[in-house]
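The values are calculated or read from the model by the stated rules, or taken from the named source; none is laboratory data. All values reported here derive from a predicted model rather than from experimental measurement. We place every Cβ from the backbone using ideal geometry, glycine too, and count neighbours over all the protein chains shown. These accessible areas exclude ligands, DNA and RNA; they are computed on the full protein's heavy atoms, side chains included. Shrake-Rupley method; radii C 1.70, N 1.55, O 1.52, S 1.80 Å.
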Amino acid sequence: MSASKRIERISRQLQRELSQIILYELEDPRIGFVTVTKVKPASDLKSARVYISVFAGQTNQKQSIDCLNRASGYIQKIIGPRLKLRFLPNLTFFLDDSIEKQFTIFKLIEKEQAIIKSGQDDKSQDEEQEE
């Protein structure tokens, strides 16, 4: 098995297990509704960047990230026996704001479409008035 395929497999396993642990096993009320969107292990598997999306305001997002980073040792302790790796990567959590960016772009497109549509409606009204 090539190294990149192995890293992809480990990434998927980490994402699945982290999602379960955060959702069902961490009992910290400061952590909001969190979704693990992506896990990027380093090529040597000594560390992994965990990207999460938080369904909450800006302050709750920062608080959730901080709490998860503080609990990373505990999370690693739980996840270790499940993955059966020789060395478990050090986990660092980051906010994945790509969903928010997609939503903003979607809103901008909707706004532009509304402007274009209203411009076309104005043209058709002008044409009707000229007749």
Test result for Lys46, touching a residue at least 12 places away in the same chain (Cβ under 8 Å), open to solvent by 80 Å² or more (accessible area, probe 1.4 Å), farther than 16 Å from Tyr74 by Cβ and touching a Pro at 6+ places or on another chain (Cβ under 8 Å): yes
Hits in the stretch 94-119 (condition: at pLDDT 85 or above and part of a loop (DSSP other than H, G, I, E, B)): Asp96
Hits in the stretch 1-17 (condition: part of a loop (DSSP other than H, G, I, E, B) and open to solvent by less than 80 Å² (accessible area, probe 1.4 Å)): Ser2
Residues that are among the polar types (S, T, N, Q), under 12 Å from Leu18 (Cα atoms) and under 15 Å from the mean Cα position of the chain (by Cα), drawn from the stretch 33-87: Thr35, Thr37
Residues located in the stretch 72-90, provided they are at negative phi and exposed (fewer than 12 other Cβ atoms within 10 Å of the Cβ): Gly73, Lys77, Pro81, Arg86, Phe87
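For (1) at pLDDT 85 or above; (2) part of a helix (DSSP H, G or I); (3) open to solvent by 50 Å² or more (accessible area, probe 1.4 Å), each residue gets a yes or a no:
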| residue | (1), (2), (3) |
| --- | --- |
| Ser19 | yes, yes, no |
| Leu23 | yes, yes, yes |
| Thr37 | yes, no, no |
| Thr92 | yes, no, yes |
Top-ranked residue in the stretch 50-71 [being among the small types (Gly, Ala, Ser) and under 13 Å from Val36 (Cβ atoms); ranked as most open to solvent (accessible area, probe 1.4 Å)]: Ser53
